[in-house]
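Student: I am attaching a structure below and will ask some questions about it afterwards.
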Amino acid sequence: MTTIIKNTPTDLFLDNIPQGASEGVFNQLKTTAVQKLRETGLPKAKDEEYKYTPISRRIESSISNFQHAAPVEITQEQIAKEIIPGMDAEVLVFNNGHFDAQRSRWDKDAIQVALLSEASEEALAKGFGSIAKIDKDPFTALNTASFEDGVFIDIPQGKTLKKPILLLSFNQSSVGQTVFSRVFINIEKHSEITFIEKIISLDEEVYFLNDVTEISVAENAHLYYYKLQQENRNSIEVSNFETDIHQNGTFSSGVVSLSGGMIRNNLSLNLLGSNCEGNMYGLYLLNGKTHVDNHTNVDHILPHSESNELYKGILADNSRGVFNGKIFVRQEAQKTNAFQQNNNILLSEDAILNTKPQLEIWADDVKCSHGCTAGQMDDEALFYLQARGIGKEMAKGLLLFAFAEEVLSHIKNEEFRSYCSQQVQERLGSGF
Amino acid sequence: MLSIKNLHASVEGTAILKGVDLEVKAGEIHAIMGPNGSGKSTLASVLAGREEYEVTEGSVTFKGVDLLELSPEDRAREGVFLAFQYPVEIPGVSSTNFLRTAVNQVREYRGQAPLDAVKFLSLMKEKMKLVEIDQKLLSRSLNEGFSGGEKKRNEIFQLAMLEPKLAILDETDSGLDIDALRVVANGVNQLRTPENATIVVTHYQRLLDYIIPDFVHVIYEGRIVKSGSKELAMELEEKGYDWIKEEIENPA
């Protein structure tokens, strides 16, 4: 009799790290990541941080080929179709995580875009591999151990860039492979920039996207980062997004999740200086069996910083939404203002929501508040609209749109805001 | 226009209306008065189609149509308008967008072409003057942060915009000071035509100084127990409701 020892996904990922990837400039970092991954493995079912999102189980049942997804054929038309209407942007194209410089276009005088493998040691020392911490999340370790290359974007000092940078991430795998995407953004002092990231599935087949984005926002710099997730119903994504914000720096994010299989967004803000501002907005419209989990983390280190957070969700069918918002206010961080809100409307009895605010406050002179709600559609409001002659379905659409619009109203980039608005309206108009 | 016969309605199993009969003809103003808990507001809600109320007996026809068979929106489109006692605040829905949707949904039902933005805005301007409502209020979210008086004024503004056949004012006077009351009443009076009718539901006679009713009905324990002319309202103001209760409970 032979016993078959089944390899865990962690083993299989480790076995399939491309040869050569662990050599060169990333050698030490990757060695540490592999070690960490061997020790901890991917999250287990009982892991507190992942208990509502069985991502490892999903990977195990969906991913059959642990080799990395190679670039696929992408046409110019496919790229053109994904550009936000009316938006004049620098466009960076990622093909299964591989940066496609030829299909990308950017103002080389204003910003520097390079492969990580080609970036200088000095540039990488500004936070690459240290902002997104290997020991914080197993998927950061997995990405660090596995990525072949990535992109470094540098915004030089004192530049206010009118044009946003549009990151188009195309994903497709016919055999259920993994896409490793790695981006490091460095924004120098007194600069201002907007990023818009679109995650796109090219077909309906399963893939696992494991992306890590780490960002350094220097003193007096301002970053707006928006992300739109419109993925196929079989996809899996774990996104680790971590930002260091230095004195007087500001950051605003907007994460709009409209479709996907199972998505986990880990978003971390480290407010390292005083007078920092961090805003996090999120909207998720879930139907079918879509599962979206937003874990956010804001860390107030020094006095006089502010964070605002508003995540809202509408859940239909058998979908599941998870929200976990951590706020840390360190002992030194007096005069902190930190606000957090998570509101949800459940349209179906079969939809599930898990929401949890988590505040840890060591300073004693702070203003912090949090609140979460989950409810049905407001029947009184619905009746009021109907009593004025507005049909029930349209009235529902109006109310849901108003609910969602509150999040979208915080998106500063007009073209992206109206694009999202339109996508949301279409969804609500088609019976959700 | 409106014919209510032996109307019984209950909420969560408790009977509230126990046989209301009422006939309203075009051009008439009817006041429905009564002590707290007598069923005044329930009657208004049942007519508008609020779902929590279950009609257990009786009939309501409106211009020959069985009103009880219609959804709330179709009742509105047929020309029934309920001015809410407590107008709902709806954050994120602009008053203008809401009204334009409502007006055009009603027009569509009646087979009329939708109003374009220009025509809609000029209609709005015209009606705003009529009810003396501030443009600033209408650029905000529907009723959000409005004072009690502003909400009621907005109800009458919506009434003016939708031009219903039958307006039901549910305690529109509650929470209004005398100036606001005058403005609201003035709006209602100006909108009066020989073709439409109004039902004023109120606890006090005060509003009826400004909106002069043709008929006054007293509702008590779910039935109309007394009907008369506007003098009946004066009498109620003077003597309260106890003498009516007395009359009902101890008939001579």
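Student: In the stretch B:86-138, which helices (runs of 4 or more DSSP H) lie fully inside it and hold 2 or more residues that are touching a Leu at 6+ places or on another chain (Cβ under 9 Å) and within 9 Å of chain A (Cβ to nearest Cβ)?
Tutor: Helices (runs of 4 or more DSSP H) meeting the threshold: B:95-109.
Student: Regarding residue B:75, is this residue within 14 Å of another protein chain (Cβ to nearest Cβ) and in a helix (DSSP H, G or I)?
Tutor: Taking the combined requirement at face value, the residue satisfies it.
Student: Right, here's the next one. Which numbered condition trips up residue B:58, out of (1) over 15 Å from the mean Cα position of the chain (by Cα); (2) at pLDDT below 95?
Tutor: Of (1) over 15 Å from the mean Cα position of the chain (by Cα); (2) at pLDDT below 95, only one is false for residue B:58: (2).
Student: Just give me the residues in the stretch B:203-252 being aliphatic (A, V, I, L, M) and not in a strand (DSSP E or B), in sequence order.
Tutor: Passing the criteria: B:207, B:208, B:211, B:212, B:232, B:233, B:234, B:236, B:244, B:248, B:252.
Student: Of the numbered conditions (1) buried (at least 17 other Cβ atoms within 10 Å of the Cβ); (2) within 20 Å of residue A:70 (Cα to Cα); (3) modelled with pLDDT under 95, residue A:175 satisfies every one except a single condition; which is it?
Tutor: Here residue A:175 meets the rest and fails (1).
Student: Tally the residues that are open to solvent by less than 70 Å² (accessible area, probe 1.4 Å) and either under 27 Å from residue A:40 (Cα atoms) or in contact (Cβ under 8 Å) with a residue 12 or more places away in the chain (or both), restricting the search to the stretch A:105-129.
Tutor: Number satisfying all stated conditions: 15.
Student: Does any residue of the stretch A:380-391 turn out to be within 23 Å of residue A:256 (Cβ to Cβ) and either in contact with a strand residue (DSSP E or B) (Cβ under 8 Å, 6 or more places away or on another chain) or in contact (Cβ under 8 Å) with a residue 40 or more places away in the chain (or both)?
Tutor: no
Student: Considering only residues that are among the aromatic types (Phe, Trp, Tyr) and part of a loop (DSSP other than H, G, I, E, B), look in the stretch A:125-166 and name the one that is nearest to residue A:264 (Cα to Cα).
Tutor: Checked the stretch A:125-166; the qualifying residue nearest to residue A:264 (Cα to Cα) is A:147.
Student: So, in the stretch B:49-66, how many residues would count as being in contact (Cβ under 8 Å) with a residue 60 or more places away in the chain and open to solvent by less than 10 Å² (accessible area, probe 1.4 Å)?
Tutor: Counting residues in the stretch B:49-66 that are in contact (Cβ under 8 Å) with a residue 60 or more places away in the chain and open to solvent by less than 10 Å² (accessible area, probe 1.4 Å) gives 1.
Student: Further question on the same structure: Search the stretch B:171-186 for residues that are touching a residue at least 40 places away in the same chain (Cβ under 8 Å) and pair each with any residue that is open to solvent by 20 Å² or more (accessible area, probe 1.4 Å) when their beta-carbon atoms are under 7 Å apart and the residues are at least 6 apart or on different chains.
Tutor: B:171/B:41; B:171/B:85; B:171/B:203; B:174/B:85; B:183/B:132; B:183/B:153; B:184/B:153
Student: Which of the residues spanning the stretch B:20-39 are farther than 20 Å from residue B:78 by Cα and open to solvent by 10 Å² or more (accessible area, probe 1.4 Å)?
Tutor: Within the stretch B:20-39, B:21, B:35, B:36, B:37 meet the criteria.
The values are calculated or read from the model by the stated rules, or taken from the named source; none is laboratory data. Just so it is clear, the structure is predicted and the values come from calculations on it, not from any experiment. FYI the Cβ positions are ideal-geometry reconstructions off the backbone, even for glycines, and counts take in every protein chain you see. We work out accessible area using only protein heavy atoms, side chains counted, and drop any ligands, DNA or RNA first. Shrake-Rupley method; radii C 1.70, N 1.55, O 1.52, S 1.80 Å.
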